[in-house]
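S.K.: Would you mind keeping the following structure in view while I ask a few things?
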Amino acid sequence: MTKKVALITGVTGQDGSYLAEFLLNKGYEVHGIKRRSSLFNTDRIDHLYQDPHVNNRNFVLHYGDLTDSTSLVRIVQQVQPDEIYNLAAQSHVAVSFEEPEYTANADGIGALRLLEAIRICGLEKKTRFYQASTSELYGLVQEIPQKETTPFYPRSPYAVAKLYAYWITVNYREAYGMYACNGVLFNHESPVRGETFVTRKITRAISRIALGLQDCLYLGNMSALRDWGHAKDYVEMQWLMLQQDHAEDFVIATGVQYSVRQFVEFAAKELGITLAFEGEAENEVGVVTKVEPVNGQLLAKCKVGDVIVKVDPRYYRPTEVETLLGDPSNAKAKLGWEPKITLQDLVKEMVQSDYTSAKRDNLVKLAGFQAYDYHE
Ligand code: NDP
Ligand code: GDR
């Protein structure tokens, strides 16, 4: 049997790395699009790298950019993919308020460029297309929980750009009979989540605070509620959506919701720290009320009474999405999909990974070198 060929945009990102690994394990030939950058940006996929001098590689990277149609047409023509996963995006909601035009170009028109590349190459009947849509489309939520039929109300330049991408995907499906679909994915995280998204910012900071490498974690809106899953579970769903008889859009979520504040508490608990939150709004702080050993080992150096979490309004967004909770019952019924990893296991895995990195930074510091400390 001939190998299936997949093309992943955003292969260097969190989901791209998990999806590439997943498809390689399924026997696919995987092609990924990466951007040129002045520093290496392939950390997340270095374990999958194959030397270009080896014959019959099944993992191949191409330079390209979602803002450059010529590169996309060239790559689609060369690769002739059975499946395209469009995961590339300027994916940070807060940053989209600072770079709205670029975000619209990459996240909105980028999807159109790929769909047109499929048409230009005459692959409408061959190539299946997955668009990374988002729960941010629901924004100012009109219904709880959100499902496939819930009306959209985007609240950021990012979400508005993704709204265009959502509808252009639906339109190309209807207009040209293409197998094109949207996965409306709720937040999903992992140890390789970008460091400026709130979960990773928290697990990284709590680990560094525990070891005395950092004093305080500054956050924005701690009351925001999110439905957090694990990226590993969610990429399986992206693949499943392209294996059906007909293309259809699905909501992918856990159906369970927590606040940012709770996420901080769970992360701290993993390292034996109990926190109490005091004060209101901009004056709210997280104070250490107990420090205890974990499995007989004292992991945290903090003391009772230390203030280790503060609010910094610079992290507030001009328009916020206060609450997101997905209803994944359609995906469960039609695709037999259910998330396997709980939030508790996700937090544990993220904290363990960041605590290990913080220990390494601490050793570097103890050896007399400056430990890297960058806040965002
Ligand atoms: P990441 O931010 O981790 O990865 C984004 C990827 O897109 C990176 O590989 C990045 O490259 C690449 N990229 C950015 N701009 C361009 C461009 N102009 N041309 C080509 N590549 C580009 O995102 P995630 O992996 O978390 O998310 C994957 C997709 O799913 C995104 O589209 C995101 O919007 C969407 N999504 C994510 C959710 C989540 O909770 N994670 C939930 C719902 C949707 P580089 O490494 O060089 O920066
Ligand atoms: P989100 O994720 O905006 O939901 O988008 P993020 O982790 O950035 O924010 C989640 C919530 O936490 C609040 N928050 C903070 N967020 C960040 N980044 N930094 C902070 O200091 C902070 N303090 C509080 C935010 O205001 C927000 O309410 C993610 C991205 O992956 C998108 O690409 C994806 O489409 C959606 O999830 C679903």
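The values are calculated or read from the model by the stated rules, or taken from the named source; none is laboratory data. Here the structure is a predicted model, which is why all the values come from computation and not from measurement. With ideal geometry, Cβ positions are generated from the backbone for all residues, glycine too; neighbour counts draw on all protein chains shown.
S.K.: Please give the helices (runs of 4 or more DSSP H) falling wholly within region 231-338 in which 3 or more residues are under 24 Å from Leu87 (Cβ atoms), in contact with a Gly (Cβ under 9 Å, 6 or more places away or on another chain) and within 15 Å of ligand 2 (Cβ to nearest atom). Show your work before the answer.
M.R.: Working: elements: 231-241, 260-270, 329-335.
Those helices (runs of 4 or more DSSP H) span 231-241.
S.K.: Which pairs have Cβ atoms under 6 Å, sit 6 or more apart or on different chains, and link a residue in region 179-200 that is near ligand 1 (Cβ under 8 Å from one of its atoms) to one that is among the acidic types (Asp, Glu) and in a loop (DSSP other than H, G, I, E, B)?
M.R.: Phe186/Asp227
S.K.: Can you run down the residue pairs with Cβ atoms below 6 Å, 6 or more apart or on separate chains, where the first is in region 259-281 and assigned by TED's automatic domain parsing to the domain that holds Cys216 and the partner is loosely packed, with under 14 Cβ neighbours inside 10 Å and of a type in the set (A, V, I, L, M)?
M.R.: Close Cβ pairs satisfying both conditions: Gly272/Val294.
S.K.: Would you please list the contacts, defined by Cβ atoms under 8 Å and residues six or more apart or on different chains, that run from a residue in region 46-72 that is closer than 20 Å to Lys26 by Cα and of a type in the set (Val, Ile, Thr) to a residue that is at pLDDT 90 or above and in a loop (DSSP other than H, G, I, E, B)?
M.R.: From residues that are closer than 20 Å to Lys26 by Cα and of a type in the set (Val, Ile, Thr), the pairs are Val60/Gln50.
S.K.: Further question: Got at least one residue in region 299-309 being surrounded by 17 or more Cβ atoms within 10 Å (Cβ to Cβ) and among the small types (Gly, Ala, Ser)? Working first, answer last.
M.R.: Initial filter on region 299-309 (surrounded by 17 or more Cβ atoms within 10 Å (Cβ to Cβ)): 299-300, 302, 306, 308-309.
Among the residues that remain, those that are also among the small types (Gly, Ala, Ser) are: 300.
Yes - at least one qualifying residue is present in region 299-309.
S.K.: Ok, one more. Please go through (1) out of contact with any strand residue (DSSP E or B) (no Cβ under 7 Å at 6 or more places or on another chain); (2) more than 30 Å from Gly305 (Cα to Cα) for Gln238 and return the number of the only condition it doesn't satisfy.
M.R.: (1)
S.K.: With respect to Leu163, is the statement that it is surrounded by fewer than 23 Cβ atoms within 10 Å (Cβ to Cβ), assigned to a helix (DSSP H, G or I) and either within 9 Å of ligand 2 (Cβ to nearest atom) or in contact (Cβ under 8 Å) with a residue 24 or more places away in the chain (or both) true?
M.R.: Working: surrounded by fewer than 23 Cβ atoms within 10 Å (Cβ to Cβ): yes; assigned to a helix (DSSP H, G or I): yes; either within 9 Å of ligand 2 (Cβ to nearest atom) or in contact (Cβ under 8 Å) with a residue 24 or more places away in the chain (or both): yes.
For Leu163, the condition - surrounded by fewer than 23 Cβ atoms within 10 Å (Cβ to Cβ), assigned to a helix (DSSP H, G or I) and either within 9 Å of ligand 2 (Cβ to nearest atom) or in contact (Cβ under 8 Å) with a residue 24 or more places away in the chain (or both) - is met.
S.K.: If you go through region 47-76, how many residues are at pLDDT 95 or above and of a type in the set (Lys, Arg)?
M.R.: Of the residues in region 47-76, 1 are at pLDDT 95 or above and of a type in the set (Lys, Arg).
S.K.: May I pose another question? Look through Ser329, Ser259 and report the one residue that is within 24 Å of Ser156 (Cβ to Cβ) and of a type outside the set (A, V, I, L, M). So that I can check it myself, show each step before the final result.
M.R.: Working: Ser329 fails: within 24 Å of Ser156 (Cβ to Cβ).
Sole residue among the options that is within 24 Å of Ser156 (Cβ to Cβ) and of a type outside the set (A, V, I, L, M): Ser259.
S.K.: Among the listed residues Leu112, Leu7, identify the single one that is under 21 Å from the mean Cα position of the chain (by Cα), more than 9 Å from ligand 1 (Cβ to nearest atom) and touching a residue at least 40 places away in the same chain (Cβ under 8 Å).
M.R.: Numbers: Leu112 fails: under 21 Å from the mean Cα position of the chain (by Cα).
It is Leu7.
S.K.: If you don't mind, there's one more thing I want to ask. In this structure, does Arg44 turn out to be basic (Lys, Arg), over 23 Å from Leu242 (Cα atoms) and modelled with pLDDT of 95 or more?
M.R.: Details: basic (Lys, Arg): yes; over 23 Å from Leu242 (Cα atoms): yes; modelled with pLDDT of 95 or more: yes.
So Arg44 fits the description; yes.
S.K.: Among the numbered criteria (1) within 28 Å of Leu325 (Cβ to Cβ); (2) outside any loop (DSSP other than H, G, I, E, B), which single criterion is violated by Ile109?
M.R.: Ile109 satisfies all of (1) within 28 Å of Leu325 (Cβ to Cβ); (2) outside any loop (DSSP other than H, G, I, E, B) except (1).
S.K.: Here is a check on your reading of the model: is Ser190 among the polar types (S, T, N, Q) and farther than 27 Å from Val5 by Cα? First the steps, then the outcome.
M.R.: Numbers: among the polar types (S, T, N, Q): yes; farther than 27 Å from Val5 by Cα: no.
In short, no.
S.K.: Quick one: Ala253 ticks every box in (1) within 18 Å of the chain's Cα centre (by Cα); (2) small (Gly, Ala, Ser); (3) more than 14 Å from ligand 1 (Cβ to nearest atom) except a single one, so which number is it?
M.R.: Against the list (1) within 18 Å of the chain's Cα centre (by Cα); (2) small (Gly, Ala, Ser); (3) more than 14 Å from ligand 1 (Cβ to nearest atom), Ala253 comes up short only on (3).
S.K.: Conditions: (1) under 13 Å from the mean Cα position of the chain (by Cα); (2) surrounded by fewer than 23 Cβ atoms within 10 Å (Cβ to Cβ); (3) of a type in the set (Val, Ile, Thr). Val184 meets all but one. Number of the miss?
M.R.: Only one criterion is unmet by Val184, namely (2).
S.K.: Inspect region 15-38 for any residue being of a type in the set (Lys, Arg) and under 20 Å from Gln131 (Cα atoms) and give the result as yes or no. Lay out the reasoning, then the answer.
M.R.: First, the residues of region 15-38 that are of a type in the set (Lys, Arg): 26, 34-36.
Now narrow it down to the ones that are under 20 Å from Gln131 (Cα atoms): 34-35.
For region 15-38, residues of a type in the set (Lys, Arg) and under 20 Å from Gln131 (Cα atoms): present.
S.K.: Only one of (1) part of a loop (DSSP other than H, G, I, E, B); (2) among the charged types (D, E, K, R); (3) closer than 30 Å to Thr149 by Cα is not met by Asp215, so which one is it?
M.R.: (3)
S.K.: Write out, first by first residue and then by second, each pair whose Cβ atoms fall under 7 Å of each other, whose residues are 6+ apart or on separate chains, and whose first residue, in region 223-240, is touching a residue at least 60 places away in the same chain (Cβ under 8 Å) and hydroxyl-bearing (Ser, Thr, Tyr) while the second is within 10 Å of ligand 2 (Cβ to nearest atom) and not in a helix (DSSP H, G or I).
M.R.: Qualifying pairs under 7 Å: Ser223/Ser259; Tyr234/Leu185; Tyr234/His188.
S.K.: May I pose another question? Looking only at region 192-219, count how many residues are within 12 Å of ligand 2 (Cβ to nearest atom), crowded, with 18+ Cβ neighbours inside 10 Å and more than 23 Å from Thr289 (Cβ to Cβ).
M.R.: 2
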